[in-house]
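The values are calculated or read from the model by the stated rules, or taken from the named source; none is laboratory data. Owing to the predicted nature of the structure, the values given are computational and were not obtained by experimental measurement. Neighbour counts run over all protein chains shown; Cβ positions are idealised from the backbone, glycine included. Remember, those area values only see protein heavy atoms, side chains included, never the ligands or the DNA or RNA. Shrake-Rupley method; radii C 1.70, N 1.55, O 1.52, S 1.80 Å.
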Amino acid sequence: MWLKKQLPNIITLLNLFCGCIAAILAVQGALELAALFVVFGIGFDFFDGFAARILNVQSELGLQLDSLADMVTSGLVPGIVMFQMISKASGGAVNTVFNLWDNDQYLDQIFVPYISLLGLLITLASAYRLAKFNIDTRQTTSFIGLPTPANALLILSLPLILRFQEQSWISDVILNPWTLIGLTLLSCYMLNAEIRLFALKFKTWGFAENKVRYIFLLLTIILLILLQFMAIPCIILLYVLMSVFFKDNPGSE
């Protein structure tokens, strides 16, 4: 009985664990590995709610714990990643040496363009969105504003595109500091925009009541096959457009 009640919370803590590892990796500049652990964390984030519904053990504790885990995995990590991306695009470098036992050299060098701190706005906007979500009774069957996991995937796709699909024009676009700052501001807006977006939660498996979800998932698979990591920004855009276009469709509720 105890395990049944706590299983969703254990899965949520695995999300938080992955987020902590991703944060450490992002601070160290290993952005691709950070993205991998964020994906793992988002996977656990999906299955904790699924497990709670299947086992019928939803609780207020689980809701709060879920938001706290999301704050790290889908809030803190993308903010750090954007910080690193803007810093790199602006010609900055971080070379930090910590030596607690050497009083003559505690901190060797830090050079970070101040403009890169704008990337952390994503973390602030994510915190505001998660706090608002917990008290917003309108978001039981759909979302208002872009969910933090979707936003995290959008931000974390950037270093993956640069690493695995590197082309000169792609690098020029992504590593333009104004592109990154613009994406940061757009991200902050979308997280808290009054735009209703459908949730990928299936109460039944029938096509009629879930056709928007099925169409979205099919198009997502096609885009991933064709575009690989470059598909992720396209999928997020598709998600928003389909939510707006099909907002009056019962299959999107």
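A few notes on this one:
- Pairing residues of region 139-161 that are in contact (Cβ under 8 Å) with a residue 12 or more places away in the chain with residues that are part of a strand (DSSP E or B), at Cβ distances under 6 Å and at least 6 apart in sequence or on separate chains, gives Ser142/Arg196; Ser142/Phe198; Phe143/Leu197; Ile144/Arg196.
- Region 39-79, residues that are in a helix (DSSP H, G or I), open to solvent by 30 Å² or more (accessible area, probe 1.4 Å) and either more than 18 Å from Ser126 (Cβ to Cβ) or in contact with a strand residue (DSSP E or B) (Cβ under 7 Å, 6 or more places away or on another chain) (or both): Phe40, Phe47, Phe50, Arg53, Ile54, Leu55, Glu60, Leu61
- Only one entry of Val57, Val81 meets the criterion of being modelled with pLDDT under 95 and not hydroxyl-bearing (Ser, Thr, Tyr), and that entry is Val57.
- Given (1) farther than 24 Å from Lys88 by Cβ; (2) open to solvent by 50 Å² or more (accessible area, probe 1.4 Å), index of the condition Leu36 fails: (1)
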